[in-house]
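Before any comments, here is the structure.
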Amino acid sequence: MDSSSISSTAASFVTLKFRCFDPTSAYSATPNHRRSFVTSSRSLTPCATNSNGSMATSENSERKIITGEAGYVLEDVPHFSDYISDLPTHPNPLQDNPSYSVVKQHFVDVDDSVAQNIVVHQDSPRGRHFRRVGPREKVYFESDDVHACIVTCGGLCPGLNTVIREIVCGLYYMYGVHKVLGIEGGYRGFYARNTIPLTPKIVNGIHKRGGTILGTSRGGHDTSKIVDSIQDRGINQVYVLGGDGTQKGASAIFEEIRRRGLKVAVAGIPKTIDNDIPIIDKSFGFDTAVEEAQRAISAAHVEAESFENGIGVVKLMGRYSGFIAMYATIASRDVDCCLIPESPFYLEGPGGLFEYIEKRLKENGHMVIVIAEGAGQELLSEIMHTMDQQDASGNKLLQDVGLWISQKIRDHFGKKRKMTINLKYIDPTYMIRAVPSNASDNVYCTLLAHSAIHGAMAGYTGFTVGPVNGRHAYIPFYRITERQNRVVITDRMWARLLSSTNQPSFLDPKKISSPSYVLFESRRQGGFVKYEMKSMQNALKQLVEKIQECGLCFRIRTNHYYAFPINIAAELTISK
C-alpha cells in the first residue's frame, strides 16, 4: 500500500514505527560469543555536516545486539576488539589503588546489564538492557600511554566544570593518567584554538564556578578536521560533554575513528538543562535549574500578591520539553498556571487562558504563570514567520513567548475597564544556567565522569553514560539521539501538577480530532499497513493481534503502557 495515498485521504492519522530484534537472526547471549551487528537506519555519516556546521543524518552505522532467553535483549556499545584485532590487555591499576582497598568487589562483571524497563508483569519478557558501567578487571590502556582530551559544546549548564574536574581527577587518582588536554571553544577548538593542559591542581576549585573553563560554542563540527587533530596530537581518549547535537557529533567522530582503525575511545557525557535526553533518568544540571528557578517564581509571587490583580509571568527553559517548568511549578506551590510545549493552549473563548486568568484574579486577587520557552510557538507562528530559522547547532530559533504572552494579557485586560492588572515579567534563563551546580548535581556529575573513565579504560567506545532506573549504564549514541524526552501529559506527574495549580486543560476543542486509522510501518516486511480504529487503545490491540499472527510479538511503549507476551524487543513511537 502506498503511504502517500493513505496520507492524502485523512486529515489526522498516527504513524507507528518500531525496531525489532529477531532472536532467529542473532546468536544466543553467552559470555564468549561474538555479538551480531544490525545496520542502523538513523545514524551519522562520519563527515556529514550541514552548511551551518550542525550534524546531518545518514544510514551507515552498525548496532550491536545480543539476544538471550526469555526475551532478553542487550543493546551493546562498540569495543576496540570489534575492529582492531589482537590488542593486549593489562591489569586494572585500581586493584593496587589504596582508595579502593576497602571495596569488597573491585570490578564489575562484564556480563552485568541494566534493564530499561523494571515495571513488568509475570508474563513479561526480560526486555531491553544496557551494559552496566564500572571498572573491569582488564584494561586496554597502560596509564603512561593515555593521552586524553575533554571538550564542552553547546549552551551552558550547571555542572560542566564539575564533570571536567572529575574526569581529570578520576584519570589521575584512579588510573595514574597525567596527560589530559582541555579543548577550548567547543568542536572548532580541535582545529582552530589552543589546548589547555589540565591537572588536578588546575581544576581543583572549578566546581565552585558556573560555566565551563574550556569555553564552548555551537556548530563548528568538521569531522575530518577533528579526527585529523586527534590523530596528530596522539590523543587516544576523547570525552565529549554536550546535548543531543553534540552527541551526534561525537558519534560521527567515533565512526570516522573506527573507519581509520584508530585505537581512540570516544565517550559522551550527555548535557542538557532541559532534561530532554531519553533513556537516562535525568541529565546533570536539571536539579540545579529547578532549584534556581524557585527564586524567580518566588519573586514573581511576591510582586503579584503585593498589587491588586497582580500577575507574575516567569519564562523558564524548555525548547521542546517542559520538565523544568513542570518540576519548578510543583516544587514552588505558588504557581497558578504552567504552560509547556507538550500541552497546547488557546487564549480566548470558553476554557481559554484569559478566562482562567480572570477567574483566578477574582478568587485570589493575584496569580503566577510559569511558561516554558517552547510553549505556544504554534500561536506565535501564525503572526511571526521566523520559525524556520536555526542557530549554529541546527535548533529552531524561537520567539520570546514570555514577552508575547505578557503583552497579550495586557492587551486583553486593557479592554476591560472594570479590571486593571499589574503584570511583571521575569526571564531568569541566563541566571539559572550560569550558576554552579548544587550538591545533588555535583555528586551526579562525579558518577558520570567516573563511569565514562571506566568505560574508556576498558576499551569501550562510541558510548554515552547515564543512570537507567538508578543504575548507571553504557548507552549507544544512537539511542539518545534518535528522539527527545518529553513530558507525557497523560502521565501521573502532569496530573500532580494540575492538582497543584488547579488549572484546566487549555486544549481547543475545535482542534481536537481523533485519528480514524493507524499506519504501521514495518522495516522488516516493508511498506505500510492500514488499521481502522475507533480509539487508540483499540488500534493498539489490533496492531498487537496482527503482529502476533506474524510471530513478531513485542511490547508496545507509548504514552500509556501495555504489556504483552513477547520474545522480541521493540520500540514504538506515535506521532500525529
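We did not get these values from a lab; they are worked out from the coordinates using the rules stated. A quick note: this is a predicted structure, and the numbers were derived from the prediction, not measured. FYI the Cβ positions are ideal-geometry reconstructions off the backbone, even for glycines, and counts take in every protein chain you see.
Relative to the compact-globule estimate of 2.2 N^0.38 Å, the Cα radius of gyration of the stretch 73-139 comes out at 1.47. Let a ≥ b ≥ c be the square roots of the eigenvalues of the Cα gyration tensor of the stretch 286-435; is it rounded (a/c under 1.5), or, if not, prolate (a/b larger than b/c) or oblate? Verdict is oblate for the stretch 286-435. Here the stretch 428-487 is described by how far its Cα atoms reach on the three principal axes: 41, 26, 20 Å, from widest to narrowest.
Over the stretch 286-435, Cα pairs under 8 Å with separation of 6+ residues give a relative contact order of 33 percent. Taking θ as phi - 60° and the Karplus parameters 6.51, -1.76 and 1.60, the scalar couplings of the stretch 97-103 work out to 7, x, 5, 9, 5, 8, 6 Hz in sequence order, x denoting glycine and proline.
Ordering of 485-491, 87-93, 148-154 by packing is 148-154, 485-491, 87-93, highest average first (other Cβ atoms within 10 Å, averaged per residue). Compute the FRET efficiency between Thr89 and Ile118 as 1/(1 + (r/R0)^6), taking r as their Cβ-Cβ distance and R0 = 41 Å, and round to the nearest 0.05. After rounding to 0.05, the efficiency reads 0.80. Less than 11 Å Cβ to Cβ from Leu214, Lys/Arg counted +1 and Asp/Glu -1: what total charge do the surrounding residues give? Surrounding charge for Leu214 is 0.
Count Lys and Arg as plus one, Asp and Glu as minus one, and take only other residues whose Cβ is under 10 Å from that of Asp427; the net charge is then -1. A straight chain from Ala299 to Arg333 at 0.36 nm per residue would run longer than the Cα-Cα distance by 10.9 nm. In this structure the amide hydrogen of Asn422, modeled in the peptide plane, comes within under 5 Å of the amide hydrogens of Gly310, Ile311, none closer than 5 places in sequence on its chain.
Loop-only check: which trypsin sites (Lys or Arg not before Pro) in the stretch 55-154 are DSSP coil with at most 11 other Cβ within 10 angstrom?
Details: sites: Arg63, Lys64, Lys104, Arg126, Arg128, Arg131, Arg132, Arg136, Lys138; in loops: Lys104, Arg126, Arg136.
Answer in residue order: Lys104.
Residues in the stretch 490-501 carry Karplus couplings, in order, of 9, 8, 5, 5, 5, 5, 5, 5, 4, 6, 7, 8 Hz; the curve used is 6.51 cos²θ - 1.76 cosθ + 1.60 with θ = phi - 60°, and Gly or Pro positions show x. The phi torsions of the stretch 170-181, fed into the Karplus equation with coefficients 6.51, -1.76 and 1.60 and a -60° offset, translate into couplings of x, 4, 6, 7, 8, 10, x, 8, 10, 10, 10, 10 Hz, rounded to whole numbers, with Gly and Pro shown as x.
The amide H of Val368, built 1.01 Å from its N in the peptide plane, has Gly312, Asp336, Cys337 as neighbours under 5 Å, considering only residues 5 or more places off or on other chains.
At 0.36 nm per residue, and after removing the present C-alpha to C-alpha distance, how many nm does the segment from Arg492 to Lys359 gain when stretched out fully?
Difference between extended and current length: 45.3 nm.
Close amide H contacts of Arg63 (hydrogens built in the peptide plane, cut-off under 5 Å, sequence separation of 5 or more or a different chain): Val38, Thr39, Ser40.
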